[in-house]
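FYI, it's all coordinate maths here, none of it is from the lab. For clarity, every value in this text was computed on a predicted model and none was experimentally measured. We place every Cβ from the backbone using ideal geometry, glycine too, and count neighbours over all the protein chains shown.
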Amino acid sequence: MMFITVMAFNNFHGDKPLKLGGIIKLVKEPDNKHDTEAIACEMRYFGKIGYVANSTNTVIKGCMSSGRVFDKITDEYYAKIKFITGSTVIAKILSADEFIKEIENPESDVHYLSENPSKIDIEYIKNHYIPDDENDES
């Protein structure tokens, strides 16, 4: 399993986007002026909520940094929130099979976060998303 630390912004008012099981869209930002391996995190209703941590001071032990994940994912990828402490989140990067299950669920936030949900190509996912055997515990 591949876990990431998400450093969420603290400026949420009213409803908070962070909930266990919530889907996070990961968006690469190679033109980010602060970090060329930046990965933004977006959630339904809230838009950008923060970034995948990329510093030894912010990455929680057992999680992968943005730099380690950057070349393993496509420009648009997805993760699921597993743990929350304040504005810090640990999320599991979805495998191809897990993402396909999310697509098959009409209530999944994936349908609202995808740039073009009607054109999600299952074969593309199988060929470009992390296979289950690379995302399993070893």
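Observations on the structure shown:
- In terms of packing, defined here as the mean over residues of other Cβ atoms within 10 angstrom, the peptides 23-31, 88-96 line up highest first as 88-96, 23-31.
- Over the chain, DSSP H runs of length four or greater, each weighted -39,500 (n - 2.57), average out per residue to a 222 nm ellipticity of -4500 deg cm²/dmol.
- The antiparallel fraction among DSSP beta bridges confined to the chain stands at about 95%.
- Given their separation in residues at 0.36 nm each and the Cα-Cα distance between them, Lys126 and Glu76 gain 16.6 nm when the chain is fully extended.
- Theoretical FRET efficiency, 1/(1+(r/R0)^6), r = Cβ-Cβ of Met1 and Asn105, R0 22 Å, to 0.05: 0.60
- Separation of the Lys19 and Lys48 label points, Cα + 7 Å toward Cβ, nm: 2.4 nm
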